[in-house]
Amino acid sequence: MVDLTPHLLNGISLGLMFALIALGFMLIVGVMEVINLAHGSLFALGAYFAVFIMGLNLGVGIEARYAAAFLLAPVGVALVGMGLEFAMRRTYGKDPLYGLLLTFGAALVIEELIRLIWGSGEKQLSLPPDLSGAMLIGGFIYAKYRLYAAAAAIGLIVLLWLFLEKTPYGAMIKAGAHDSEMVRALGINLTRLRLFVFALGTALAAVAGIVLAPIWGVRPHVGVDAVVPAFLIIVLGGVGSFWGAVIAGILVGIVVAVTGAYASEWSLMSMYLLLIALVTFRARGLFGKKTALEN
Amino acid sequence: MQRRKLLQMLAAGAAFYGPWKVHHAWAQAGQKKPLVIGLTMDASGQFGASGTSERLGAMMAIREFNEKGGVLGRHIEALHIDTETTPATGSRVAERMITRNEVAFLIGGLSSGVANAIGQVAQKYGVVYFNSNSSSPTESGRDCKRVKFVWDGNGTNFAQAIVKNAIKVNGANWALLTNDYIWGHNTSKATRELVVKNGGRVIDELMVPQGTRDFSSFLLKLQQMKPQVVAAAVGGDDFRAMRQQVMQTKLDRQFAWVNNQQDWEDVYGLGAEAAFGVFGTTWYYRFDLPGVKEFVEKYKKTFPGMQVKNPGNTFYNGYVATRELLRCVEEAGTTNNIAIIKKLEGRKMSARDRMQHHDAWIDPVTHQCQQTIYMATYNDKPAEPDDIFKVLSQVAPADVVDPDAPKACKMASYQETPSYEQ
């Protein structure tokens, strides 16, 4: 147990970051029933916007620039997301394949735009000194930033949950996810609601990109590394389930961290094996709702 | 006339007219058919950044020859298709380039898995293929081919140059961190053998799956293992992510790191400290050798506004490999594959010409370019922002030869290799 403890704790912090990546994806799938394959590219775009803002000569310290990047980059990506939602409107009510193809195309376009604007080389997101460096926990050297990233993930998860559960707009989003036609019949502007959800989902992708940038690095194709776990986590947690995504993210983090330590060659494969095992016995995921066929 | 008959005739006409039109156009213009070189470099995936540099190196060599009038009076055209750091794509691209684009030669390879796949297709058709930058010892060992020539130093060469000294300086307890694919496996195998041979001990080996972005569990495990030296054979994007996380935890100061080979693109623009540990390379842009300054200037002039301001080892390999191929074509007076292969086997290249410290040669048995290997670390006193390597020593090619490669390499004879000429 002495050996396992640091890996379990590391797995939880890793899982919180996975959950953060999946939140925006889950929101868009849950409400709009659109699998947003551009989620990864928007994740990357968030990191690039942050690098850009950090590089501006604003005459302020690195802490202020980082705070500005953390707040403004998601807003920029949300605007891109809103543009994407405008483009998607013609696909609503049609074969889901149209939405899938459109977001896949958008992913390619965003990635190429990143290459054109910032080049294909590696970028680095500078951090305030207080967030960088290492610390000793239980005799192990651990990056301070990972603790910050896990804390940021917890904060964002709680904020999103409060927004969805405790505000009228959150109630509308949840109702929209449950029965969009009924929401429309009640006089709620569904078009505006969808636009807002897409903007929020893509802003969350950007936040995840900013938080993960100092760990994964910033490259045009870094989004590919994000979209696959995000997809896996929402299927594992149950499509549309908020806590399902969070718990599945933590579960994936623990499995990846523990296999990384004890059977390292399986560390990436382990998350897929977990999905196969779970879906075999519980096709709707951990917290997914029963379908009519199962009742 | 029956419709089926008409369609058959149209198809036959098109089949004849296509190639006739192309060749007829050249004949009418009184020009020779261009020499097409297929560039099989990764532009995306794990080695996308290095593949891009390698391609530019090849392009600069081709441009130099075209400025002199091409080769054998033929203009040289480069055809690039992204091999995506994926062996299956590499096979498909090579097959297409040979059968549809009628390329004369193939150049390019960063991932050893991709290079091996391209090499198999090239051997099937007899097309001379230059693996310009992949470094698995198997490329000039078990997977050697009559048509394939390997231009980079391999994992064994680098390990030969580093291991003995690292045991003496840093200690005998080693841990291996190995990218879970052919280059990683074979580089670690070579390192392990050399560690044991020199009185060291490998306490454990952690396999790193390709595509790993989070190294925290590996770094925790290393702390539990407490090795004196960590020998990492991790490449491309995986290495970049690992480096970032090692630097964050300051573990670069906790163990002695041996990073087999360090590609320029993997550390470029990240500051001198990003190049942590001791690592191998084959070339550096600040060598005080004849021709280096001019070469660097030419790069800047040919590719102005590049994000990578100075060329690195992958660009260099792409350039020297392509230049040598075109020289061989000129010398042979033909593009016939067997004639070119014979020109390349045992070929000697002066240190001055290659801008290295020792003469190089192509081993006729393994087809690997035997060249100077440099040991480097991060530069604590950089003369300019890009001056991130401090070259510690240079090892003559004869001292780092992979002794197992000739035994493992069983290549097809000339007779077994299909004749090919474009």
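The values are calculated or read from the model by the stated rules, or taken from the named source; none is laboratory data. This is a predicted model, so every value here is computed, not measured. Counting neighbours? That spans all protein chains shown, and the Cβs are built from the backbone with ideal geometry, glycine included.
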field: Residue in the range A:260-268 that is of a type in the set (A, V, I, L, M), crowded, with 21+ Cβ neighbours inside 10 Å, touching a Gly at 6+ places or on another chain (Cβ under 9 Å) and outside any helix (DSSP H, G or I) present
entry: yes
- prompt: Does A:GLY55 satisfy the criteria of being over 12 Å from the mean Cα position of the chain (by Cα) and over 24 Å from A:LEU71 (Cα atoms)?
  reply: no
query: at negative phi, over 18 Å from the mean Cα position of the chain (by Cα) and not aliphatic (A, V, I, L, M): does that describe B:TYR316?
result: no
query: Does the range B:168-181 contain at least one residue that is within 14 Å of another protein chain (Cβ to nearest Cβ), without any contact (Cβ under 8 Å) to a residue 24 or more places away in the chain and farther than 30 Å from B:ALA339 by Cα?
result: no
message: Here is a list: A:GLY238, A:GLY285. Which entry is over 27 Å from A:ILE114 (Cβ atoms), without any contact (Cβ under 8 Å) to a residue 60 or more places away in the chain and within 17 Å of the chain's Cα centre (by Cα)?
response: A:GLY238
query: Condition test on A:LEU164, is it over 21 Å from A:ALA64 (Cα atoms), in a helix (DSSP H, G or I), in contact with a helix residue (DSSP H, G or I) (Cβ under 9 Å, 6 or more places away or on another chain) and more than 14 Å from chain B (Cβ to nearest Cβ)?
result: yes
query: Does B:ASP238 count as touching a residue at least 12 places away in the same chain (Cβ under 8 Å) and under 17 Å from the mean Cα position of the chain (by Cα)?
result: no
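Listed here are the residues, each with its yes/no results for (1) within 20 Å of A:ALA38 (Cα to Cα); (2) without any contact (Cβ under 8 Å) to a residue 24 or more places away in the chain; (3) of a type in the set (Gly, Ala, Ser).
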residue: A:GLU63; (1), (2), (3): no, no, no
residue: A:TYR66; (1), (2), (3): no, no, no
residue: A:ALA69; (1), (2), (3): no, no, yes
residue: A:VAL77; (1), (2), (3): yes, no, no
residue: A:GLY81; (1), (2), (3): yes, no, yes
residue: A:LEU84; (1), (2), (3): yes, no, no
residue: A:ALA87; (1), (2), (3): yes, yes, yes
residue: A:ARG90; (1), (2), (3): yes, yes, no
residue: A:TYR98; (1), (2), (3): yes, yes, no
Residue ID - nearest to the chain's Cα centre (by Cα), chosen from residues in the range A:94-119 that are within 14 Å of another protein chain (Cβ to nearest Cβ) and surrounded by 20 or more Cβ atoms within 10 Å (Cβ to Cβ): A:ALA107
message: For the range B:203-223, give me the residue count where each residue is over 14 Å from B:THR249 (Cβ atoms) and at the interface with chain A (Cβ under 7 Å from one of its Cβ atoms).
response: 7
field: Options A:GLU85, A:GLU111: the member that is in contact with a Pro (Cβ under 6 Å, 6 or more places away or on another chain), modelled with pLDDT under 95 and not in a loop (DSSP other than H, G, I, E, B)
entry: A:GLU111
- request: Run down B:GLY153, B:GLY199, B:GLY113 and say which single residue is away from chain A (no Cβ under 14 Å), at pLDDT below 95, under 30 Å from B:LEU344 (Cα atoms) and outside any helix (DSSP H, G or I).
  value: B:GLY153
statement: Only one of B:THR187, B:THR191 is in a helix (DSSP H, G or I), closer than 17 Å to B:VAL169 by Cα and either within 7 Å of chain A (Cβ to nearest Cβ) or touching a residue at least 60 places away in the same chain (Cβ under 8 Å) (or both), namely B:THR191
- request: Would you confirm whether any residue within the range A:235-252 is away from chain B (no Cβ under 11 Å) and hydroxyl-bearing (Ser, Thr, Tyr)?
  value: yes
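Out of the range A:120-160, which residues are more than 12 Å from chain B (Cβ to nearest Cβ) and in contact (Cβ under 8 Å) with a residue 40 or more places away in the chain?
A:PRO128, A:PRO129, A:ASP130, A:ALA152, A:ALA153, A:ILE154, A:LEU156, A:ILE157, A:LEU160
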Strands (runs of 3 or more DSSP E) wholly inside the range B:224-283 that include at least 1 residues being in contact with a His (Cβ under 7 Å, 6 or more places away or on another chain) and within 13 Å of chain A (Cβ to nearest Cβ): none
statement: A:THR191 meets each of (1) within 23 Å of A:PHE18 (Cα to Cα); (2) touching a residue at least 24 places away in the same chain (Cβ under 8 Å) with one exception, condition (1)
message: For the structure I just gave you, tell me whether A:ALA213 is of a type in the set (A, V, I, L, M), in a helix (DSSP H, G or I) and within 13 Å of chain B (Cβ to nearest Cβ).
response: yes
- request: Return yes when A:PHE198 is touching an Asp or Glu at 6+ places or on another chain (Cβ under 6 Å) and either of a type in the set (D, E, K, R) or more than 14 Å from every other protein chain (Cβ to nearest Cβ) (or both) and no when it is not.
  value: yes
message: So, restricting to helices (runs of 4 or more DSSP H) that lie completely within the range B:304-370, which ones have at least 2 residues that are within 14 Å of chain A (Cβ to nearest Cβ) and crowded, with 21+ Cβ neighbours inside 10 Å?
response: B:313-332
query: Which residue, of A:MET54, A:MET17, is within 14 Å of chain B (Cβ to nearest Cβ), within 30 Å of A:LEU136 (Cα to Cα) and surrounded by 16 or more Cβ atoms within 10 Å (Cβ to Cβ)?
result: A:MET17
field: Answer from A:VAL252, A:VAL224 - the residue that is within 20 Å of the chain's Cα centre (by Cα), at pLDDT 90 or above and not polar (S, T, N, Q)
entry: A:VAL252
